[in-house]
Amino acid sequence: MNKLRIAVVADNEPLIKRIAYHLNLNADWEAISVSGVEDFLVKPRDEWHAIILCYDFKFLDSEDCLELLRENYQGIKTVHVVSQDNEADYRDYLSDEQILDVVKNDDVLLDTLWNHAGVIHRGQSYSNQISHLKKTSTEVQILEDFVCTSPEMILVRNLMNKASNSDINVTIFGDTGTGKEVVAKYIHHESRRWNNKMVAVNVSAIPTELIESAFFGHEKGSFTGAISRKIGYFEEASSGTLFLDEIGDMDIRMQAKLLRVLQEGEITRVGGLGSIKVDVRVISATHKDLKKEVEQGNFREDLYYRLLGLSIKLPPLKDRGEDIILMSERFIHDFCKKNKKPLKYLSDCAKVALMSYTFAGNVRELKAVIELAIVMTDTQTIYAENLNIKSDFQREDFFAIERTLEDYELIIIEHFLKKYDYKVRFVAKKLGIGKTKIYDLLQRGLLEMPKPKTEPEDELPDQNNF
Ligand SMILES: Nc1ncnc2c1ncn2[C@@H]1O[C@H](COP(=O)(O)OP(=O)(O)OP(=O)(O)O)[C@@H](O)[C@H]1O
Ligand SMILES: [Mg+2]
């Protein structure tokens with residue numbers, strides 16, 4: 001993107017010059033000091049991507065300032081610098097979507113503003129990418145909240161758009177917490193069915209004896225306890241979408257019934273006489289390898305092909321590169337705002353720690369780690385040690401023993417090999433080194449591969465496998 005243009009506005013000229021000078025040390029943004037609100041208001045609005053407003057105006061009080069911003073600068077992020085003593089009075093303003101933070105004019109003011117400019121800058125490049133990818137029609141919040149700028153996730157986004165533009169069944173694969181439900185919601189909201197319901201059903205949570213009535217409904221008196229007529233998920237989702245979560249856990253007898261409904265497009269309520277036409281699009285999700293389930297006889301092959309349609313595989317969070325930082329900043333922003341806390345930011349070391357952690361619980365775990373860190377951290381900066389994760393690269397541990405550069409290199413390569421399942425070519429690309437370097441370390445016995453079960457002990461795996 002172009003340079004981030006930041007207006008630094010106040011009556012106090014030395015202060016704004018000091019802020020602008022400091023921010024301009026970063027070549028990615030351009031801070032311009034504007035002396036007085038009156039001067040600021042005559043400049044064209046679209047000159048700015050962000051505004052830093054220092055509240056010391058001689059002729060304007062805070063309420064009027066806010067009013068002006070709301071009226072004239074909608075959508076432009078602002079940071080408000082207030083005096084040390086009255087900071088708490090301004091906290092309520094944080095509920096205003098436009099206000100990124102209210103900060104004290106204290107010793108760390110320049111660092112704080114530097115970090116905020118970074119957050120706005122990254123957010124800005126993100127929204128540029130999003131608006132580039134976005135369909136011209138409806139804008140939905142789900143899309144705004146869905147972070148997907150890594151190459152792996154751009155591919156996913158393209159598939160999501162293909163799915164939204166058609167009525168084909170969709171199957172979403174991914175480990176726990178990778179965002180399967182968010183993806184399903186997105187596809188539904190962007191599809192032609194958006195103004196009808198999406199009914200989400202966790203298949204594994206329905207007791208076997210109730211499953212048929214849950215899906216197809218029942219007539220009054222059809223079994224003990226059926227005290228009135230009840231419609232099932234298929235009818236409820238009529239003209240909309242049925243989201244079948246954990247489809248890999250569906251009872252095998254129910255699979256046969258589901259297949260029939262999908263083939264015939266009609267259901268019969270339990271105890272009912274006639275069949276009822278249903279127009280439902282099915283999106284399924286599972287953390288299991290469904291193909292393997294078919295091979296093992298746990299999942300019907302015919303149903304597998306009926307449901308599969310367009311399949312979307314969500315990568316684990318550890319493979320999403322910078323998305324991890326973008327998501328973290330988004331979660332920090334949302335959580336601080338919701339809890340009316342001053343905006344916090346991640347230290348460089350914390351970012352490295354997050355990027356090198358394996359996140360078994362994926363995005364859900366990241367969210368929990370960030371929220372806990374916000375609660376537990378008293379400073380405005382979240383340091384690596386505030387994160388409840390055990391990363392190889394937490395600075396204290398990593399640098400506690402002084403090593404040679406070559407040893408550090410070995411530790412880093414080994415860490416990434418483990419993280420990316422020993423895919424040499426992939427790791428070499430990630431680290432920006434030649435793959436021969438890794439093979440050389442393997443040959444010299446400085447790095448070890450896990451021993452493949454079928455191969456002799458002392459043989460290296462075939463290099464073409466990577
Ligand atoms: N790309 C993303 N950007 C921002 N937030 C995300 C993203 N993906 C997932 N989330 C958030 O992560 C959390 C988990 O997502 P979701 O429930 O969709 O995962 P899931 O794959 O369905 O998990 P499970 O397998 O446990 O059911 C939610 O709070 C969701 O909003
Ligand atoms: Mg889910």
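Laboratory data are not the source of any read-out in this text; all were calculated from the coordinates shown. As the structure is a prediction and not an experimental result, all values here were calculated from the model. All Cβ positions, even for glycine, are placed from backbone atoms using ideal geometry, and neighbour counts span all protein chains on display.
In terms of surrounding Cβ atoms within a 10 Å radius of their Cβ, 433, 283 rank from fewest to most as 433, 283. Scalar couplings 3J(HN,Hα) for segment 107-121, obtained by applying the Karplus form with A = 6.51, B = -1.76, C = 1.60 to θ = phi - 60°, are 5, 9, 3, 5, 5, 4, 5, 4, 5, 5, 4, x, 4, 5, 4 Hz; x denotes Gly and Pro.
Taking θ as phi - 60° and the Karplus parameters 6.51, -1.76 and 1.60, the scalar couplings of segment 425-434 work out to 4, 5, 5, 4, 5, 4, 8, x, 10, x Hz in sequence order, x denoting glycine and proline.
Each residue of segment 179-191 is assigned a 3J(HN,Hα), and the resulting list reads x, 4, 5, 4, 5, 4, 4, 4, 4, 4, 5, 8, 8 Hz, derived from the Karplus form 6.51 cos²θ - 1.76 cosθ + 1.60 (θ = phi - 60°), x at Gly and Pro.
A Förster radius of 45 Å combined with the Cβ-Cβ distance from residue 405 to residue 110 puts the calculated FRET efficiency at roughly 0.85. Residues 32, 438, arranged from fewest to most other Cβ atoms within 10 angstrom of their Cβ, appear as 32, 438. Between amide H atoms placed 1.01 Å from N, distances below 5 Å from residue 198 occur with 241, all of them 5 or more places distant or on a separate chain. Under 5 Å from the amide H of residue 217 lie the amide H atoms of 232, 233, 270, each residue being 5 or more positions distant or on a separate chain, with H modelled from the backbone and absent for Pro and chain starts.
May I ask what percent, to the nearest 5, of DSSP beta bridges between residues of the chain are antiparallel?
Working: 3 of 45 bridges.
The antiparallel proportion sits near 5 percent.
So what's the gap between the Cα centers of segment 211-228 and segment 1-22, to the nearest angstrom? When both Cα centres are located, 67 Å separates them.
Treating segment 4-131 as a set of equal point scatterers at the Cα positions, no solvent, please give the Debye-formula log₁₀ I(q)/I(0) at q = 0.10 Å⁻¹. Values, matching the q order: -0.28.
What share of Cα pairs, in percent, lie more than 20 angstrom apart in segment 321-384? Before the final figure, lay out each step's value.
On the way: 330 of 2016 pairs.
Within segment 321-384, distances greater than 20 Å cover 16 percent of Cα pairs.
Taking the longest Cα principal axis of the chain as reference, the axis of helix 405-419 is set at about 30 degrees. Ordered by the number of other Cβ atoms lying within 10 Å of each residue's own Cβ, fewest first, 201, 294 fall into the sequence 294, 201.
Using Cα pairs closer than 8 Å and at least 6 residues apart in sequence, work out the relative contact order for segment 313-446, in percent. Write out the running numbers ahead of the final one.
Values: 122 pairs, mean separation 26.8, N = 134.
Once divided by the residue count of segment 313-446, the mean separation gives 20 percent.
Along its three principal directions, the equivalent ellipsoid of the chain from the Cα gyration tensor extends over semi-axes of 47, 35, 19 Å, largest first.
Residues whose amide H comes within less than 5 Å of that of residue 310, counting only those at least five positions distant or on another chain, are 169, 170, 171 (H built at 1.01 Å from N in the peptide plane). Between segment 338-371 and segment 71-118, what is the C-alpha centre distance in whole Å? Using only Cα atoms to place each centre, the spacing works out to 22 Å.
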